[in-house]
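Just so it is clear, none of the values below were taken in a lab; they were calculated from the coordinates. Predicted model, so just to flag it, every value in this text is computed and none were measured. Backbone-built Cβ (ideal geometry, glycine too); neighbour counts: all protein chains shown.
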Amino acid sequence: MTSKIPIRLDRSSGRHTGYARGVTLRHFRLIALALAFTLIASSSWAIQYASIVMDAKTGKVLHAENPDERAYPASLTKMMTLYLTFEALRAHRISMDQKLPVSAAAASRAPSKLGVRRGQTITVKQAISALVTKSANDVATVIAEALGQTEPRFAQLMTAKAHQLGMTRTTFRNASGLPNRGQVSTARDMVKLALALQRDFPEYYRFFSLKSFAYRGQTIPNHNHLLARYEGTDGMKTGYVHESGFNIVASAQRDGHRLIAVVFGGRTAVSRDRQAMKLLDRAFASLDETPAVAAAPSAPAPAMATTARARVASADITTAPGWSIQVGAFNRFAPAHLAATRAMRKLPSLANTRVAVIPGDSDKGQIYRARLIGLSENAARSACRQLKQKKVGCVVVKNEAQTAEGDQ
C-alpha cells in the first residue's frame, strides 16, 4: 500500500511544503530513523584534528592548529586522574604500597583494562603503572573511588582542578576517558596539564617514561610508542575512543630544550604518532635556527652551521679531517636540519655523529647542505649504502676537499 506522505519540511516555519507519491510507510519510517541518527550525530562533538607544540621552559607556542576546539580527550583524561593521585601521595592521604579495593563497578569497565576483579586489591604503585602503560579503565575507577568515594564525585574534583590549572574549556565526567558526551577538553588545555604534571610532581613524572609494567607474571607494554621511536621522548599519554580518534600528548627533550606536543583526532595510531614526530621535528629545528655571525663590518658574515648536538662554524666542519654523509641540499635551513636529523635516526651506527647544516651558494641562490659529520671513510660509505637501502638518498663527502662522491 502506498501513501501520500509529507516529505519536505520548511526549516524556518517547521511546516511541510511538499509530498512524495509512492512512498510506503516503511520507507517513511526508514527515512525518519535516518534523520534521527543524523540529529544524534550532529548533537555530539565531531572528530576534529587539533594540535599544539609548546616550549616547556618558555611557554612559547611553536605550532597550533585548532588548539581551542573542544573534543573528546579519551584516555588523555588519565593524566588528570594521575595528577590527583600524585597530589594525594604528596599529602600522605595514600601511600605507594597501600592496597586499593576493586569494586564491581570498577571490574565491569570496558577495555582497555587490566582485568582486576571484584574483591581483589591493587597497590597505588601498580595502579599508577597500569594507568600509564595499559591505560586501564578499570584501574582508573579504582583510584577514583579511593580518592573521591564515587567516580562522579571524583570527576567533579578533576574538573575543579582543571579549572584551577587554567584548563577553562575542560570538563570531566569520569576518571578513564570512556565515552561521555559531557567529557571534553582541548589541545591547549592538555598541554597545560602536561606542564603542570612536570612542574608540580617532578618526583613522580618518571612513571610516564615506563616502557612496560610487570603484573602477575605478565609484561604489559606502554601504548606510547614514541618512547622507543622518537629520540628524547620521556612521556606522556595516548588515548582513543571512536568518537575522538587517536590522541597523544608527547614530551621530548633535546639539547636542553623540552617540547610538549599534543595531537587530537588522528585517523590511526600510526598516523597520529607520525604527525606528533613531524611536529616535534619541525619545532626542534626552528629552535636550532640561529642568525649569521658577523666577522667584520667590511666582510661578509661567515655562516654558522647549527647541529643537533653542538654548534660548529661551517669552516671548521668542511676543513676538519674526516668524512661526512650529505643527505640533501635545500633552500631553507629547517628542512635541511630535519632531513639530517631523520637520517641520523635511521641507523644505530649514526648515533654518535653530529648534524650539520652548511650554507652555500648555487645558481638558484643560497642553499643549505644537510650533513652528518664525524665519520671515517669506511664508516661513511657503509652508512650511506645502508641509508640508500632505506630509500634515503645520500653522498659521501671528504671534508677537507669539500667534494661529494657517489657511493658505489
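Numbers for the structure displayed
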item	result
Mean Cβ count within 10 Å, highest first, over the residues of peptides 270-282, 73-85	73-85, 270-282
Among 192-202, 102-112, 367-377, the order from most to least packed when residues are scored by Cβ within 10 Å on average	367-377, 192-202, 102-112
Violating pairs (Cα-Cα greater than 25 angstrom) within the set K99/K192; K278/K346; K99/K211; K278/K391; K60/K390; K113/K237	K99/K192; K60/K390
Spin-label model distance (nm) - A104 vs R229, 7 Å beyond Cα toward Cβ	4.2
Segment 41-109 and segment 171-222: distance between their alpha carbon centers, rounded to Å	5
